[in-house]
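Quick notes on the structure that follows.
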Amino acid sequence: MASKLNTIGLRVGSIVALLLLWWAASKLMNDAEVLPGPLAIASTILKDLHTPGPEGESPYFDIGITLARIFVTFFASMIAGTGIGLAMGLNRLCERSLLALIPLMLTMPTILMVFVAIMWFGYSEAGALVAVMAVVTPLVAVNMYEGTRAMDKSLIDMAVTFKAGRYLLLRNVYIPQLMPYIFSAFRYAFGQTWKIVALAETFGLKFGIGYMFFFWFQQFDITQTLAWIMMFVFLMLVLEHGVFARLESRAFAWRSSSLARGRA
Amino acid sequence: MHGKLPLKKAKRRVLPDFLSAFLPDFLPDSISRMLPGALTLAAGLVVWKAISLFFYPIFFPGPAVLFERMIAIYSDPASYVVVGQTLARIFEGFVLSMLIGTALGLVMGLKRGIEIFFDSWIMVLLTFPAVCWAFLSVLWFGLSETAPIFTIVLIVFPYVAMNIWAGTKAVEKDLLLMGRVYKADRSLMLRKVLIPQLMPYIFSSLRISLSLSWKIALVAEAFGVGSGVGQQLINWFQNTRVDMMLAWGVSFMIIMVLIDLLIFRTWARRTFAWRPEFAT
Amino acid sequence: MAAVEAGLRQPRHRLHRDNNRQAWKMSAYRVHNVQRIDTIPVISGAPMSHGGTGSAITIDNLTKTFPAPGSGKEFVVIQDVSLTVDEGKFVSLVGPSGCGKSTLLNVIAGIESYDSGSVTIHPKAGRTGAEPRIAYVFQSPRLLNWLTVENNIHFVLEAQKVPRQRWRELVAKKLEMVGLAGQERNYPLNLSGGMQQRVAIARALAIEPDILLMDEPFSHLDAITARKMRFDLMEILASAKPTILFVTHDLAEAVFLSDNIYMMSTKPARIFKRVAIDIARPRKPEDETILDLEKTLVRDFFSVVEAND
């Protein structure tokens, strides 16, 4: 009991310490041009939420469109990646043909993918989609492929000796073993997706959070740049750790708690 | 050698019947295993060439064009300076992130309090997109060498820290107790018991660290410094020359893959000779 | 890595000299109120032995508790255990697997604390002045898999500060003793379970210990290998003659190997009977006298142990 309070206290304390460090550093610099303090940023954020952006759009539109892009590209890549990964795991021919391709795709630097996608598909949503899919799909595919390979064959044999049907096998043997891989793919893919979307928006997609902070970067306005960055980071933190971590710990209730404890 | 078990790979049928019907029987197993992969790559090249015929080479270069451009780049001595600058930044960022990350990971593994405290900081750091740090470091450090290195370090060291920290969690308590029973002193325990158990994690951290560092270096250079391969990329991007962009990008990618293979494969074989899968 | 930190720290209690008896006592790490949660009736009086010359290990009324996770209460792991191990003798502790017996060995080895009572270790005759050398063979070999067999032994030789010139000869001799001559350069993962355990035994013997602690060393091996190992152990010990404290759940094994047996029930660990085995060595496990003795002991043993469940 005491240790649980201790843990929460430490966590809160560390966030507080981080903010204090930031504030102290900004006071030291004493120059709003170099490092604005957390209070300045907070007030800027609040102000920004009421100010229209350079194209006259509402700031909520920027946030919204970024989120929309993230979710659409994320789901598209997850579906494609899972499909490919499972195909590779289940079909020997698929595996042999695609295995060589995957490391190639994984080594390609993100920035190159984004540049090429934008150049070929223009400064449009399609460009962002292609860029994300090109990077994230192989990632998810590899994860799922590893998942199928790591499946415990002895459990499948056991189920078959008990004459378990396809559906029963799928639900109780295949899917639970794949779940950790699905989740880890989820997490990693989501992380990569928003970073690529941010990059793509920076390079000239119209509207979006990335677009905003590139705009302010060009104006050399560090306060605004930091403000938009913080908004973005905060949003992503909430999504990643609030939503995903919750889902994850519920899906893995059957496991020993040490795994869940390690994360959230 | 006595006692070493030879590794036998089970033979599997890798080709479906209809394909193997077309191939001669005497094809060795290793080739038939590589065949589908090789065929895919060959098919990929053909498709690539086919598509490129529909576009201007500067927009969608075919394989031959790309190769040509790469030769052109590397015949120019100035290119080597550019690559050298990028490599230098990568190296510095990589080394710094390994040092800081390992130290932090170890310390987190040692004390539960520190672990919980820094866990949140690492979470936050991992959430920052590379491009954000690139911007911030340019705003803070201007167009100097510090900017890309700062970006690299801040993005990569949390990954290293997490990895090493996981390694400390995986240390076998039984072996530590055994060392204590035989009264091994601290230095002996560290050298012979602790560090060998951390080696796989240090190793994988090195690989991840290097692979991340070079990709981030490109992003950082694209937004700041004014020199290096990343700057070439954004330069050609703004000039809408996909062929040059790809030439620089792909060639640099090949360089980094070669470095990775050269350093890490040979090193792995030596460090992990005690594992049965590496037994010769 | 709190475990790692604990591993790196020096043993939690110090061996200090008890000047009256020229022996080494271990000071208790902490002493506090012991709350008895469970009691088992004792069948025959637990021996109160006196430490004196001739005994290598003397344990008097040893008690140890662990804090129970969750509740604040503590539960007793070792309760009022007293036993003696005479020098050069082979003593077994027989009882069901579970906590208690191993903890007892850990206390003697100096890696666990205890709450009350005393543990006294007398060094071999003629070696007064130096700290007694304790070797431990665990249930699993606990070898350092990344070191060769000989480097594994070098590890403990270095830990025990044995001079380097002696290393080569010690390694060769002990490996030959356990039947692994020539395996110096091999890696543990290339050896079978039985061979790995033999390396562990060679490692233990290499430091020429005063006390050899063995915690169910053959329980993870198959019956055939274990049987062979028991014979080999007897042979090995015929030449060196360390004092041995051997923990096992197998009564037959204990009867075959030991000079004295202490029967224990666990949770908490308590001794309820002491038996001396006076049969001459070398013993045959199928010998009439041994089987008869086993029969009598088995009755006593299981009646207590099963009643306790």
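A short reminder: the numbers here are calculations on the coordinates, not readings from a lab. From a predicted model like this one, the values you see are computed outputs, not experimental measurements. Methodologically, a virtual Cβ is constructed for each residue, glycine included, from the backbone with ideal geometry; neighbour enumeration extends over all protein chains shown.
Taking other Cβ atoms within 10 Å as a rough exposure proxy, A:S14, A:S124 sort from fewest to most as A:S124, A:S14. Per-residue shielding of B:183-194, expressed as the average number of other chain Cβ atoms within 10 Å of the residue Cβ, stands at 5.
Which of the aspartates and glutamates could be linked to B:K49 by a straight reach, that is with a Cα gap under 15 Å, when you skip same-chain ones fewer than 8 residues away? Excluding near neighbours in sequence, the set is B:E68, B:D243. The relative contact order of the range B:71-278 comes to 27 percent, based on Cα pairs under 8 Å that sit 6 or more residues apart. Within straight-line reach of B:K173, meaning a Cα separation under 26 Å, sit the following lysines at least 8 residues removed in sequence or on another chain: A:K4, B:K111, B:K183, B:K192, C:K64, C:K73, C:K101, C:K161, C:K267.
Looking at the square roots a ≥ b ≥ c of the eigenvalues of the Cα gyration tensor of chain B, which shape do they give, rounded for a/c under 1.5, prolate if a/b is larger than b/c, or oblate? Here chain B falls in the oblate category.
By the rule of a C-alpha distance below 24 Å, with chain neighbours fewer than 8 residues away ignored, the lysines paired with A:K195 are A:K206, B:K215. Computed across the range A:68-206, the Kirkwood radius stands at 16.0 Å (inverse of mean 1/r, all Cα pairs).
Look at the stretch B:120-127: the mean tally of other chain Cβ atoms within 10 Å of its residues' Cβ atoms is 6. Each Cα pair under 8 Å and six or more residues apart adds its sequence gap; the mean of these over the residue count of the range B:185-280 is a relative contact order of 15 percent. Projecting the Cα atoms of B:S251, B:W165, B:P148 onto the charge dipole of the range B:71-278, computed from C-beta unit charges around the Cα centre, puts B:W165 farthest toward the positive end.
By DSSP, what percent of the beta bridges with both residues in the range C:203-274 are antiparallel, rounded to the nearest 5? Counting only bridges with both partners in the range C:203-274, antiparallel ones make up about 45 percent.
Counting only complete DSSP H runs, which helices of chain A cover 24 Å or more along their long axis at the Cα atoms and score a mean Kyte-Doolittle of -1.0 or above? All intermediate terms of the calculation are to be shown ahead of the outcome.
On the way: long enough: A:2-29 (39 Å, 1.13); A:59-90 (46 Å, 1.39); A:125-149 (35 Å, 1.02); A:175-202 (39 Å, 0.52).
Within chain A the helices that satisfy the rule are A:2-29, A:59-90, A:125-149, A:175-202.
Among C:199-205, C:162-168, B:102-108, sorting by the average number of other beta carbon atoms lying within 10 angstrom of each residue, highest first, gives C:199-205, B:102-108, C:162-168.
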